[in-house]
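Heads up, the thing below is written out as structure tokens.
The values are calculated or read from the model by the stated rules, or taken from the named source; none is laboratory data. Keep in mind it's a predicted model, so treat the numbers as computed, not measured. Every residue, glycine as well, gets a Cβ built from its backbone with ideal geometry; the counts of neighbours run over all protein chains shown. Calculation scope for accessible area: heavy atoms of the full protein, side chains included, ligands and nucleic acids excluded. Shrake-Rupley method; radii C 1.70, N 1.55, O 1.52, S 1.80 Å.
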Amino acid sequence: MSEVSSISRDTQRAIYRKMYLLKANDERVRKLLRTGRIVATYYSYRGQEVIPAALSVSLTDEDYLCTIYRGIHDMLAKGLPLKDLWAEIAGRVDGTCKGKGGPMHLTYPSKGIMVTTGVVGSSMPIANGLGWAAQLEKKGRVSVANFGDGAANIGAFHEALNLAALWRLPVIFVCQNNRYAEHTAYAKGTAGARISDRAAGSALAGVHVDGNDVEAMYAAAREAIQRAREGGGPTLIEAMTYRFQGHVFGDSDAYIAKEEKDAALAADPVPRYRAALLKAGGGAEQWLTDMEKEIETEIDEAVEFALASPYPSMSELTRDVFAEESAS
Ligand SMILES: Cc1ncc(C[n+]2csc(CCOP(=O)(O)OP(=O)(O)O)c2C)c(N)n1
Ligand SMILES: [Mg+2]
């Protein structure tokens with residue numbers, strides 16, 4: 001954190017609170033998976049906490065969010081309640097999708113969390129649809145599409161950028177460049193040093209930002225969100241970050257050089273921002289300790305709630321698959 005921050009103290013703390021929540025929640029999910037208390041396919045977002053934490057403080061519940069299988073950080077930062085999240089992760093009836101979606105398919109429309117998709121590249125056209133609806137409604141809502149660096153090589157990325165620019169849709173395309181697409185390093189699968197440069201080809205604003213730097217990420221997101229709200233059209237943000245775990249839980253990351261990973265872990269943005277807040281003073285020490293304890297307790301309660309919730313019954317198997325026949 002620079003000596004003179006452009007972010008108010010309350011906002012700094014709101015961002016760090018989210019960062020800690022995301023980190024602690026990811027660690028808890030992996031702990032329960034390791035010990036066999038839950039069984040699920042899980043894509044850790046550990047290391048990528050700053051992006052959604054610094055972005056979501058400029059969003060409202062009315063704004064839309066589309067994200068991907070590695071997207072629980074985006075949803076928690078947007079306000080997804082922990083109990084609903086955990087019940088869904090554990091496949092129970094009290095989950096956001098009655099336990100039928102699991103950690104890869106969460107939705108929570110009352111907080112604007114509209115879709116989580118496992119189809120690489122598909123969050124962007126869906127965000128455009130929501131952005132178009134927002135544009136027609138004229139209430140100043142914006143739509144955020146999260147996706148990875150690998151997804152920027154899918155055709156739908158280019159189609160979505162073009163249409164959003166042409167129609168000046170209020171969409172913020174957030175490419176979370178964590179340097180890997182499954183087991184393929186960025187340079188082995190992507191031509192061009194920067195994904196943000198591709199914005200020029202579709203005539204929209206493109207920003208390259210350190211997605212592990214709170215100040216930089218907050219400023220880039222705020223500007224893009226403001227532009228979209230004011231009718232100035234879409235922005236592509238390429239936020240540079242790093243994936244601390246393998247692609248999917250249980251996956252080896254032996255293809256990653258040890259020095260590269262060690263350097264990324266040493267620059268973990270969560271303790272780094274904590275240290276910056278402590279240095280800034282203003283009673284941060286007590287606040288941090290109390291807040292972190294509070295979050296751990298909230299997670300304890302959510303896990304307990306989820307594990308006490310029943311699994312869906314067999315009769316649920318075919319419900320919500322087709323529309324119910326109406327009388328008319
Ligand atoms: C259309 C499609 N093609 C391929 C896959 C298989 N797949 C799943 S994740 C993934 C890598 C995507 O990487 P990236 O976009 O960088 O996101 P990250 O997992 O790093 O967050 C691939 C190729 C898929 N799910 N959907
Ligand atoms: Mg990636």
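Worth pointing out:
- When the pairs Lys31/Lys258; Lys23/Lys83; Lys18/Lys188; Lys111/Lys138; Lys111/Lys293 are compared against a 28 Å limit on Cα-Cα distance, Lys18/Lys188 fall above it.
- Kirkwood Rh (inverse of mean 1/r, distinct Cα pairs), region 92-231, angstrom: 16.1 Å
- Taking all protein chains together, Cys97, Cys66 sort by accessible area into Cys97, Cys66, largest first [probe 1.4 Å].
- Lys100 accessible area, assembled protein chains, probe 1.4 Å, Å²: 80 Å²
- Note, ³J(HN,Hα) from phi for region 33-39, Karplus 6.51, -1.76, 1.60, rounded to Hz, x at Gly and Pro: 5, 4, 8, x, 6, 10, 10
- Debye-sum result for the chain in log10 I(q)/I(0), which assumes one identical scatterer on each alpha carbon, at q = 0.06, 0.12, 0.13 Å⁻¹: -0.20, -0.84, -0.99
- Accessible area of region 46-110 belonging to carbon and sulfur atoms, whole % at 1.4 Å probe: 51 percent
- For region 62-101, the spread of Cα positions along the three principal axes, ordered from largest to smallest, is 26, 18, 14 Å.
- Peptides ranked, highest mean first, by Cβ atoms within 10 Å: ranges 49-57, 32-40, 86-94: 49-57, 86-94, 32-40
- With 10 Å bins from 0: P(r) over region 146-206, alpha-carbon pairs, percent: 21, 56, 20, 2
- Rounded to 5, percent antiparallel among DSSP beta bridges of the chain: 10 percent
- Accessible area of Tyr218 in the full protein assembly, 1.4 Å probe (Å², nearest 10): 30 Å²
- Listed by chain and number, the aspartates and glutamates whose alpha-carbon sits under 15 Å from that of Lys139, ignoring those within fewer than 8 places in the same chain, are Asp61, Glu62, Asp63, Glu230.
- Sorted largest first, the spans of the alpha carbon positions of region 187-303 along the three principal axes are 48, 44, 32 Å.
- Compactness relative to 2.2 N^0.38 Å, alpha carbon Rg of region 55-127: 1.01
- In the assembled protein chains, Trp167 presents an accessible area of approximately 100 Å² (probe radius 1.4 Å).
- Extended-chain gain in nm, criterion 0.36 nm per residue less alpha-carbon gap, Glu159 and Leu307: 49.0 nm
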